[in-house]
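Here's the structure we're looking at; comments come further down.
The values are calculated or read from the model by the stated rules, or taken from the named source; none is laboratory data. Every value quoted in this text rests on a predicted model; they were computed, and no experiment measured them. Note: ideal-geometry Cβ built from the backbone for every residue, glycine included; neighbour counts use all protein chains shown.
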Amino acid sequence: MPVRLIVNADDFGLTRGINRAVAELHAAGALTSATLMANGAAFDDSVSIARANPSLGVGCHIVLTDGEPVCPPESIPTLIGSDGRTFRPKLVKFLQALIAGRVRAEDIAREAAAQIEKLQRVGINITHLDTHKHTHLFPMVARPLLEVAERVGIRAVRNPFEPDWNRTLGHGGAPRRLAVRALTLLRPAFESIPQINSNAVRTTAGTVAISATGSLDADTLGELLHALPEAGDFELCCHPGYNDAELDRVATRLRAHRDVERETLMSAIPRLSAQPNAPALISYAELQTKR
């Protein structure tokens, strides 16, 4: 069977401009999936868009760093920063605490379950899970997250690792490429987690363009799409949006480039679909069933 590609936008619900980009790209056949932030400032608007677009696969973008939790902070103390109210604002601080054993698995599970439940309460049929800033690269996050996924009936999760053929393209800055390559050492631990090993929770053969986050322009996307293998399931991770006044009020390193990604996807993905032997564009809902 031909290669299948999930085109997934992260940060759905962060701003209305990001939500608008998701809706426009999906309507144009350039986006199949998006992951919704339960604690996003534009959550209600994203839910309305999801309801109006039932063919859009909607996952839960689990947030454990940067922003406000869904749970009461006192119920998940090891996830909370020095202000006593919000998550640690920097990924490096979260990782330092995680590696030092100061983050409890039960706190991760409790907050993940609360974020999932918030989406389910408004009628979102969650197709899969992924994490803000790919924190489930680390087994200490992935294990409780996948236990929650299996318990609540979510049958797919992002593979947070780039496939080998993607990494050889050399996209992104050198520090990011080195970090992505080093973190690949964690892949065997991810694949050995019972829910992944048994296919109780399905995943892809890898996620494309993690290295290219912040530099996914037309040339880069063209190289990635040209290099896709002839078979296998992959996810293209992207961050389209509108760089507007609402985004200015949000802590994110991706600003002007959200416009670049939106325009790039709008041009490249429909053109790809029109080619002979094009990849089948799917969402994580299709991934949950056997070929």
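Please enumerate the residues belonging to the stretch 163-194 that are loosely packed, with under 13 Cβ neighbours inside 10 Å and among the hydrophobic types (A, V, I, L, M, F, W, C).
Residues satisfying the conditions are Ala174, Leu178, Ala182, Leu185.
For Ser46, state whether it is closer than 27 Å to Ala9 by Cβ and small (Gly, Ala, Ser). Spell out the reasoning first.
On the way: closer than 27 Å to Ala9 by Cβ: yes; small (Gly, Ala, Ser): yes.
The answer is yes for Ser46.
Over 17 Å from Met140 (Cα atoms) and without any contact (Cβ under 8 Å) to a residue 60 or more places away in the chain, is that true of Ala189?
Numbers: over 17 Å from Met140 (Cα atoms): no; without any contact (Cβ under 8 Å) to a residue 60 or more places away in the chain: yes.
No; evaluated as a whole, the condition is false for this residue.
Considering only the stretch 195-212, how many residues are over 18 Å from Val141 (Cβ atoms), touching a helix residue (DSSP H, G or I) at 6+ places or on another chain (Cβ under 8 Å) and either without any contact (Cβ under 8 Å) to a residue 12 or more places away in the chain or buried (at least 21 other Cβ atoms within 10 Å of the Cβ) (or both)?
Count: 6.
Can you give me the number of residues within the stretch 15-49 that are closer than 19 Å to Phe87 by Cβ, crowded, with 21+ Cβ neighbours inside 10 Å and out of contact with any His (no Cβ under 9 Å at 6 or more places or on another chain)?
First, the residues of the stretch 15-49 that are closer than 19 Å to Phe87 by Cβ: 15, 35-43.
Then keep just the ones that are crowded, with 21+ Cβ neighbours inside 10 Å; that gives 15, 35-40, 42.
Narrowing the set further to residues that are out of contact with any His (no Cβ under 9 Å at 6 or more places or on another chain) leaves 15, 39, 42.
So the answer is 3.
All but one of (1) assigned to a strand (DSSP E or B); (2) without any contact (Cβ under 8 Å) to a residue 40 or more places away in the chain hold for Val148; state the number of the condition that does not hold.
(1)
Go over the candidates Leu95, Leu56 one by one and state the one that is within 16 Å of Val141 (Cα to Cα) and at pLDDT 95 or above. Spell out the reasoning first.
Numbers: Leu56 fails: within 16 Å of Val141 (Cα to Cα).
Step by step, each of Leu95, Leu56 is checked, and only Leu95 is within 16 Å of Val141 (Cα to Cα) and at pLDDT 95 or above.
Considering each of Ala113, Ala97 in turn, give the residue that is within 18 Å of the chain's Cα centre (by Cα), assigned to a helix (DSSP H, G or I) and either among the small types (Gly, Ala, Ser) or farther than 30 Å from Pro54 by Cα (or both).
On the way: Ala97 fails: within 18 Å of the chain's Cα centre (by Cα).
When all the criteria are applied, what remains is Ala113.
Quick check on this structure: which one of Leu247, Leu272, Leu224, Leu228 is of a type in the set (A, V, I, L, M, F, W, C) and in contact with a Ser or Thr (Cβ under 9 Å, 6 or more places away or on another chain)? Walk me through it before giving the result.
On the way: Leu272 fails: in contact with a Ser or Thr (Cβ under 9 Å, 6 or more places away or on another chain); Leu224 fails: in contact with a Ser or Thr (Cβ under 9 Å, 6 or more places away or on another chain); Leu228 fails: in contact with a Ser or Thr (Cβ under 9 Å, 6 or more places away or on another chain).
Of Leu247, Leu272, Leu224, Leu228, the one residue that is of a type in the set (A, V, I, L, M, F, W, C) and in contact with a Ser or Thr (Cβ under 9 Å, 6 or more places away or on another chain) is Leu247.
Report yes if some residue within the stretch 124-142 is at pLDDT below 95 and assigned to a loop (DSSP other than H, G, I, E, B); otherwise report no.
Looking for residues that are at pLDDT below 95 and assigned to a loop (DSSP other than H, G, I, E, B), one finds none in the stretch 124-142, hence no.
Quickly run through the stretch 154-174 and pick out the residues that are outside any loop (DSSP other than H, G, I, E, B) and under 19 Å from Ala142 (Cα atoms).
Within the stretch 154-174, Ala156, Val157 qualify.
What are the pairs with Cβ atoms under 7 angstrom where one residue, in the stretch 274-286, is under 30 Å from Ile126 (Cβ atoms) and surrounded by fewer than 16 Cβ atoms within 10 Å (Cβ to Cβ) and the other, located anywhere, is of a type in the set (Gly, Ala, Ser) and modelled with pLDDT under 90? Sequence gap at least six, or different chains.
From the stretch 274-286, no pairs qualify.
Just a yes or no: is a residue in the stretch 247-257 of a type outside the set (Ser, Thr, Tyr), surrounded by fewer than 17 Cβ atoms within 10 Å (Cβ to Cβ) and closer than 19 Å to Pro2 by Cα? Please lay out each step first, then the result.
Within the stretch 247-257, the first condition is being of a type outside the set (Ser, Thr, Tyr), and the residues that meet it are 247-251, 253-257.
Filter once more, so that each one left must be surrounded by fewer than 17 Cβ atoms within 10 Å (Cβ to Cβ): 248-249, 251, 253, 255-256.
Right, trim to closer than 19 Å to Pro2 by Cα and you get none.
Within the stretch 247-257, not a single residue is of a type outside the set (Ser, Thr, Tyr), surrounded by fewer than 17 Cβ atoms within 10 Å (Cβ to Cβ) and closer than 19 Å to Pro2 by Cα.
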